[in-house]
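Worksheet: one structure, shown below.
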Amino acid sequence: MAALEDVTDDAPVRPVLTETEGVLGRTYRALSGGIVTVVLLIAFEATAVGTAMPVAARELDGVSLYAFAFSGFFTTSLFGMVLAGQWADRSGPLGPVTAGIGSFAAGLLLAGTAGTMWMFIAGRAVQGLGGGLVIVGLYVVVSRAYPERLRPAIMAAFAASWVVPSIVGPLAAGAVTEHIGWRWVFLGIPILVVLPLALALPEVRRRASGAPEGAAPAAFDRRRIRLALGISLGAGLIQYAAQDLRPLSLLPAAVGTALLVPSVLGLLPRGTYRAARGLPSVVLLRGIAAGSFIAAESFVPLMLVTQRGLSPTLAGFSLAAGGGTWALGSWLQSRPRVEPYRERLVAAGMVLVALAIVAAPSVLIPAVPVWTVAVAWAFGCLGMGLVISSTSVLLLQLSAPEEAGSNSAALQISDGLSNALLLAAGGAAFAALGGGAVGAAGHAAAQGAGGSHPAAFAAVFLPMAAVALVGVWVAARLRAPVTSP
């Protein structure tokens, strides 16, 4: 039976666990249920919004800005991640998690009431700020509240919480979009905020509040905050330039690059972009995996709706099996027996990701069955489950307790920045090859009446597969070099 140490009224509870107690044991049952519910909320948003997005973009006359609606989320999340890391290292994760859930809900409401595509993108940006605050806050909760032996299991639980939303989310969002309207996909999700607030926040405050045990509260690093602002502004300018595709766009692209490059170098671990062994490669691989996969996945529903004539429900449902296989991959990496082979497991995961991205655009050929995408994406999500959870585990293994917030922020910055930049690159290629016309001629294209631009989709998927293959090499460099005593 677990016992609790004597603590002062202001100190967080530090549990003493038996060797066999798990994340759903008596000590951690409430905390695990609460934070997994938070992830469940984010999962519902991701799966439901992705299904509704093609219809929203078409009705707001903004298909040419389709990628920006996704990448805008990741741009503001970059700033939220750094702010959350500083905030959590100073006073614990309760503040960033609470503020993040509130911002996330506010962004959904703004997007759901938008009258123009740019207002819709603004709502997505507010969501992104909240998402950045929440995800880093949860990593710090795991770092402080769970012993190392339980961290792979809670990361697997995070992945498992995507299973139900991945199945129910596309069906529910598709039905709502077709029969009530896409706006209610956004306006309905904030109702789910109530449950995470009730379950998670009291336990986070009880077990993970305040400065790390044995360390004085850290001061806000204003330089890091300025660099984070530089990343967000720089990434936003580059995305804007990528969507505009006019000679004048070179100016915001140049300014964005000037802001982005030094900010990234100042916030990520030294050696990240040369794949130095250990923490830098962990951070780099996270960006490679997330960016290539999410950039490709964002265009799957649009491709199926406009090129193969699927309804939003069926297009979204084609990705549903991925939630289960992602959870399976995360569960596999949590088994103690695979720990000595983690790098090989991650490399295999990246191979699966690359193959899935290559296979997806095969449905642009009319003779290829549309269910090919569902099968390919199930294998790709299996690979992502292996990679994402493993990089999270490795990051916490390589981080001192007082550095968990900043290092978690670096991991998420790599994730979000890669998403934003690769989505911008994919969106630019999509628009340059006539992808913006897909929305105007969507139904006609689906019926073979012209207006189809399959090359625009191929220009998104194939480069992302090449990026994923780079991750196979990086996976061999995840362990820190062994130093002689």
Task: Those residues of segment 369-392 whose amide nitrogen sits under 14 Å from the label point placed on Ser362, 7 Å along Cα→Cβ - done: 369-380
TODO: In nm, give the distance between the simple-model label positions of Arg206 and Ala476, each being 7 Å from the Cα along the Cα-to-Cβ direction.
DONE: 4.9 nm
TODO: Whole Å is fine, so just give me how far the alpha carbon centre of segment 61-96 lies from that of segment 323-341.
DONE: 28 Å
Open item on the list: Full-extension gain between Ser311 and Val194, please, as 0.36 nm times their residue separation minus the C-alpha to C-alpha distance.
Closed with: 39.0 nm
Task: Sorted peptide list for 199-205, 223-229, 47-53, criterion being average Cβ within 10 angstrom, highest first - done: 47-53, 199-205, 223-229
Open item on the list: In whole percent, and with a 1.4 Å probe on the protein chains, what portion of the accessible area of segment 284-323 is carbon and sulfur?
Closed with: 69 percent
Task: Prolate/oblate/rounded label for segment 324-440 (Cα gyration tensor, a/c 1.5) - done: oblate
Task: Computed accessible area, Ser281, all protein chains, 1.4 angstrom probe, square angstrom - done: 0 Å²
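The values are calculated or read from the model by the stated rules, or taken from the named source; none is laboratory data. Since the structure is predicted, the reported quantities are computational estimates derived from the model, not experimental observations. Glycine gets a Cβ as well: all are built from the backbone with ideal geometry, and neighbour counts include every protein chain shown. Ligands, DNA and RNA are stripped out before the accessible areas are found, and what is left, the full protein with its side chains, is counted by its heavy atoms. Shrake-Rupley method; radii C 1.70, N 1.55, O 1.52, S 1.80 Å.
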